[in-house]
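A short write-up of the structure that comes next.
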Amino acid sequence: EAQVTQNPRYLITVTGKKLTVTCSQNMNHEYMSWYRQDPGLGLRQIYYSMNVEVTDKGDVPEGYKVSRKEKRNFPLILESPSPNQTSLYFCASSLARKNEQFFGPGTRLTVL
Amino acid sequence: QKEVEQNSGPLSVPEGAIASLNCTYSDRVSQSFFWYRQYSGKSPELIMSIYSNGDKEDGRFTAQLNKASQYVSLLIRDSQPSDSATYLCAVNLGSNYQLIWGAGTKLIIKP
């Protein structure tokens, strides 16, 4: 089944404790992206990747890191999480940037 | 001015009626247009994509694109309570295909 997977689905952590949210797609898509979604603010792009080893900042990159060492994986790293990073996070992928994006199930992160 | 605008709603429609959702976008080179449905706490799910002027139909859904007037709309015929969700409009703007998201319209179908 073609899909985007994310792990974990739910995470409660404390300020400053490094964490990684994994994202993987099995559709051989070149483009991958991370979003956060907060009430009233809609979807905001954090980082995106046009292809392996090519990443770029989105609209809200501060406090986040990403890497794209393999085509299928695009992990999101929070080196020192803070409470304002409490949010619902989505990973998405598409054949190319101009194509429709397919979303993972989401990761609900709470930083205490 | 936001580049992609939607009425936040909520839009309340009786069951069985036609729901009409609208999205306007700024005057840039627009490439492709998408409608997504999102249930509360779930991920966005692609409903329709449209690339050229006119109508595109898929089951109970019809997307309408008018590039001259810079709007794209989504019609849902025979609305069902299960159609109650937030509908997101997304537009590829500019030559670099940057995808811009609207804030979404909350649709409520009343039985």
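Based on every Cα atom in chain A, Rg and the maximum pairwise Cα distance Dmax equal 13.0, 37 Å.
Mean per-residue shielding of peptide A:38-45 is 4, counting Cβ atoms of other chains within 10 Å of each Cβ. Taking trypsin sites (Lys or Arg not before Pro) across the stretch A:16-112, the ones in a DSSP loop with at most 13 further Cβ atoms lying within 10 angstrom of their Cβ are A:Lys17, A:Lys18, A:Lys69. Here the simple spin-label model places points 7 Å from the Cα toward Cβ, and for B:Glu57 and A:Val54 these points are separated by 4.0 nm. This model, with +1 at the C-beta of Lys and Arg and -1 at the C-beta of Asp and Glu, gives chain B a dipole about its Cα centre of some 160 debye. Loop-located GluC sites (Glu not before Pro) in the stretch A:67-112 (DSSP state other than H, G, I, E, B) with a sparse environment of at most 14 neighbouring Cβ atoms within 10 Å: A:Glu70, A:Glu79.
Read-outs throughout are calculated quantities, based only on the coordinates presented, and are distinct from any laboratory measurement. Small disclaimer: the values here were computed from a predicted structure and weren't measured. Cβ sites come from the backbone with ideal geometry, for glycine too, and all protein chains shown count toward neighbours.
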